[in-house]
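The values are calculated or read from the model by the stated rules, or taken from the named source; none is laboratory data. Nothing here was measured: the structure is a model prediction, and the numbers come from that model. Cβ: placed from backbone, ideal geometry, glycine included. Neighbour counts: every protein chain shown. To get the accessible areas, we keep the full protein, side chains included, count just its heavy atoms, and leave off ligands, DNA and RNA. Shrake-Rupley method; radii C 1.70, N 1.55, O 1.52, S 1.80 Å.
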Amino acid sequence: MRVTKLEHAALVVEHSGDRLFIDPGKFTTPITEASGALAVVITHLHDDHWTPEQLGRIRDRSPDVRVFGPEGVVAAAAGSGIEVVRVAPGDEVEVGPFRLRFFGGRHAVIHPSIPVIDNVGVLVNDALYYAGDSFAVPEGVEVDVLAAPAGAPWMKISEAMDFVMAVRPKRAFPTHEMVLSRAGKELSNARLGWATEQGGGEYLPLEPGDSFDA
């Protein structure tokens, strides 16, 4: 399958002409290439991970696309007239060539004053793992490719490094980095690269629009 990193937290996975979108939010360039989309996974309700407008663009080009997310996303999307299938940690879903397994359950703590919301991590075809805004480790899974958070209000780089070392992926690349300057991205890439190498993996310092095969 072909994985393309989009801006911030968004990814598109292509397999046999079909597409899976993950977390297309407000920091991602408006999506116009969405023909063949079978599914969208939204890890949680924050708008840097989804917007009704982004989902609308995908649905315009692929009217039968199915959208999956935790309870908070189901409720929020209903207000925009968008049906979302509820998923929770431990669930498994197959959509065309995509097998989706869900992990985690809760967003990382930003601050004690801010309520903690639902969040699911997703494992695609037992190969690509993305934890959303969390450090949920998929226990018992040998991860081929990890989307590793590079910068966010809910994390510090040492936590992301520990997360990468706990998962021990064969390959990793940065996500959730639109809050960083160029200097910040380079610093995060260096630290995440080191953490990936500790488990014998390879780090891919991808930029938006870059793709690789998984």
Within region 124-146, identify whether any single residue is in a helix (DSSP H, G or I), open to solvent by 30 Å² or more (accessible area, probe 1.4 Å) and small (Gly, Ala, Ser), and answer yes or no. no
Could you tell me how many of the residues in region 174-186 are among the hydrophobic types (A, V, I, L, M, F, W, C) and buried (at least 22 other Cβ atoms within 10 Å of the Cβ)? 0
Only residues that are more than 16 Å from Ser211 (Cα to Cα), touching a Gly at 6+ places or on another chain (Cβ under 8 Å) and surrounded by 17 or more Cβ atoms within 10 Å (Cβ to Cβ): list them for region 14-42, please. Asp23, Leu38, Ala39, Val41, Ile42
Output for Cβ contacts, cut-off 6 Å, separation at least six or different chains, first residue within 18 Å of Arg2 (Cβ to Cβ) in region 25-40, second surrounded by 20 or more Cβ atoms within 10 Å (Cβ to Cβ) and charged (D, E, K, R), reads Gly36/Arg19; Ala37/Arg19
Within region 162-173, is even one residue crowded, with 19+ Cβ neighbours inside 10 Å, out of contact with any strand residue (DSSP E or B) (no Cβ under 6 Å at 6 or more places or on another chain), modelled with pLDDT of 95 or more and not in a strand (DSSP E or B)? yes
What strands (runs of 3 or more DSSP E) completely inside region 1-103 contain at least 3 residues that are touching a Phe, Trp or Tyr at 6+ places or on another chain (Cβ under 8 Å)? 2-5, 11-15, 18-22, 37-41
So Glu33 passes all but one of these: (1) modelled with pLDDT of 95 or more; (2) more than 12 Å from His176 (Cα to Cα). Which condition number does it fail? (1)
May I ask you to verify whether Leu11 is open to solvent by 10 Å² or more (accessible area, probe 1.4 Å), within 15 Å of Ala131 (Cα to Cα), under 17 Å from the mean Cα position of the chain (by Cα) and of a type in the set (A, V, I, L, M)? no
